[in-house]
Amino acid sequence: MIAGSRVLILLLLTIRMNATPTLAIMPIKCDANLGAYCSMIPEIMSDKLLRLGNYRILDQTNINEILKRMALEQSGFYSESDAAKVGKLLNADMVIVGSYAQVGEERVISAKIVSMETGLVSKSAVLTSTKGEDLETLVERLMKKLILPTCTASSSIGPDFAAEFAFDENNATFWQAAAGNTQGWLEIKFLDSKTFSHASFTSPATDMGSGVPKNFSIQYWSDGKWIDAVKELGNMRISWRGDFSACTSSRWRIYVESVIDPSRSVSIAEFKLE
């Protein structure tokens with residue numbers, strides 16, 4: 001739980017490092033018996049987003065006016081193309097559409113983010129309420145799942161060495177690839193594009209450099225492929241930092257080709273982008 005809290009704090013700080021994206025939250029589609037909650041959900045979403053990250057949330061009155069002009073306010077359903085049209089008219093960077101339904105004794109809430117850059121869904125999330133959970137807590141969990149960066153890796157030796165532990169500001173925890181894997185990658189995917197010009201990593205404490213990246217690249221995703229921002233050959237340091245020309249992308253990773261000492265699979269305690 002403590003490690004999870006550290007991950008959350010660091011990811012929130014990373015979100016706040018770049019320019020402020022503008023979000024529009026569409027009215028929520030609700031089951032008829034939950035209609036009384038529909039008008040509350042966008043406001044709760046707005047409040048939670050402002051607390052979780054550096055976002056500019058557009059006023060619901062302006063959004064409703066646009067929907068009225070487009071004759072969409074009565075439909076209660078908004079497709080990705082509807083969201084994209086509304087977002088462009090409001091000069092938003094992203095639009096959130098969602099639903100809230102009763103399924104037996106449980107409540108199910110969902111949301112997805114449509115990017116104005118692509119017109120496509122960039123991320124989605126679905127949650128089921130826990131016993132006794134109030135609406136505000138449910139929406140907060142949904143927003144965290146929807147907007148926080150996603151940490152993934154080529155593999156891990158176990159759940160206690162998952163990708164997220166390379167982003168928790170704790171050198172005692174770390175990501176480690178599956179046994180025998182001296183090659184691998186560690187990726188962080190943001191909700192929107194971020195600009196960085198520095199990268200660094202710290203490896204777990206070791207005397208012989210076991211599992212420490214030796215030949216590797218810091219890469220960003222662009223036009224359907226990974227591009228090297230900086231490439232390092234022959235690193236012999238447990239801690240490394242590199243500078244490169246500023247690049248912008250929503251996906252970043254370190255791709256490791258080999259380690260100093262192959263007696264342990266590739267391992268990273270902390271990976272940072274600035």
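Rule-based calculations on the coordinates, nothing more; no lab input. Treat the numbers as computed from the prediction; the structure is a model and nothing was measured. Note that each Cβ is placed from the backbone with ideal geometry, even for glycine, and that neighbours are counted across all protein chains shown.
A compact table of results
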{"quantity": "Residues of the stretch 254-268 with amide N under 18 Å of a point placed 7 Å along Cα→Cβ from ALA179", "calculated": "262-267"}
{"quantity": "Residues whose placed amide H lies under 5 Å from that of ALA178, excluding near-sequence neighbours", "calculated": "SER155, SER156, ILE157"}
{"quantity": "In sequence order, calculated HN-Hα J values of the stretch 222-236 (Karplus, 6.51, -1.76, 1.60; Hz; x Gly/Pro)", "calculated": "8, 6, x, 8, 7, 10, 6, 7, 7, 10, 10, 10, x, 4, 10"}
{"quantity": "Pair GLU117, MET70: separation of 7 Å Cα→Cβ label points (nm)", "calculated": "2.1 nm"}
{"quantity": "Length gained when the stretch GLU43-LYS29 is fully extended (0.36 nm per residue, less Cα-Cα span)", "calculated": "3.6 nm"}
{"quantity": "Under the Karplus curve 6.51 cos²θ - 1.76 cosθ + 1.60, θ = phi - 60°, whole-Hz ³J(HN,Hα) for the stretch 172-182, x wherever Gly or Pro sits", "calculated": "7, 10, 7, 7, 9, 5, 4, 3, x, 8, 9"}
{"quantity": "Amide hydrogen neighbours beyond the local backbone of ARG264, cut-off 5 Å, H modeled", "calculated": "GLY211"}
{"quantity": "Helix 40-52 axis, angle to the chain major axis (alpha carbon atoms, nearest 10°)", "calculated": "30 degrees"}
{"quantity": "In degrees, nearest ten, helix 2-15 long axis to first principal axis of the chain (Cα)", "calculated": "70 degrees"}
{"quantity": "VAL230 long-range amide H proximity, modeled H, under 5 Å", "calculated": "ILE218"}
{"quantity": "Burial order of peptide ranges 145-155, 58-68 (average beta-carbon count within 10 Å, highest first)", "calculated": "145-155, 58-68"}
{"quantity": "Acute angle (nearest 10 degrees) that the helix 80-89 long axis makes with the longest principal axis of the chain, alpha-carbon atoms", "calculated": "90 degrees"}
{"quantity": "Label-to-label distance, nm, for residues given as THR150 and THR20 (7 Å Cα→Cβ offset)", "calculated": "2.8 nm"}
{"quantity": "Per-residue Cβ neighbour rank within 10 angstrom, fewest leading, TRP226, TRP185", "calculated": "TRP226, TRP185"}
{"quantity": "Choice from LEU52, LEU89, LEU135 showing the highest fluctuation, given a GNM over the chain with Cα pairs closer than 10 Å", "calculated": "LEU89"}
{"quantity": "Phi-based couplings in Hz for the stretch 147-152 (Karplus 6.51, -1.76, 1.60; Gly and Pro marked x)", "calculated": "9, 5, x, 9, 9, 9"}
{"quantity": "Residues TYR37, TYR100, sorted so that the one with the fewest Cβ neighbours within 10 Å comes first", "calculated": "TYR37, TYR100"}
{"quantity": "Identified option (computed log10 I(q)/I(0) by the Debye sum over Cα atoms at q = 0.07, 0.10, 0.14, 0.17 Å⁻¹; candidates (i) -0.31, -0.59, -0.98, -1.24; (ii) -0.25, -0.52, -1.07, -1.56; (iii) -0.45, -0.74, -1.10, -1.39)", "calculated": "(i)"}
{"quantity": "Ranked THR182, THR206, criterion: other C-beta atoms within 10 Å, fewest first", "calculated": "THR206, THR182"}
{"quantity": "Low-density loop positions, GluC sites (Glu not before Pro), the stretch 73-175 - DSSP coil, at most 15 other Cβ in 10 Å", "calculated": "GLU73, GLU105, GLU117, GLU133, GLU169"}
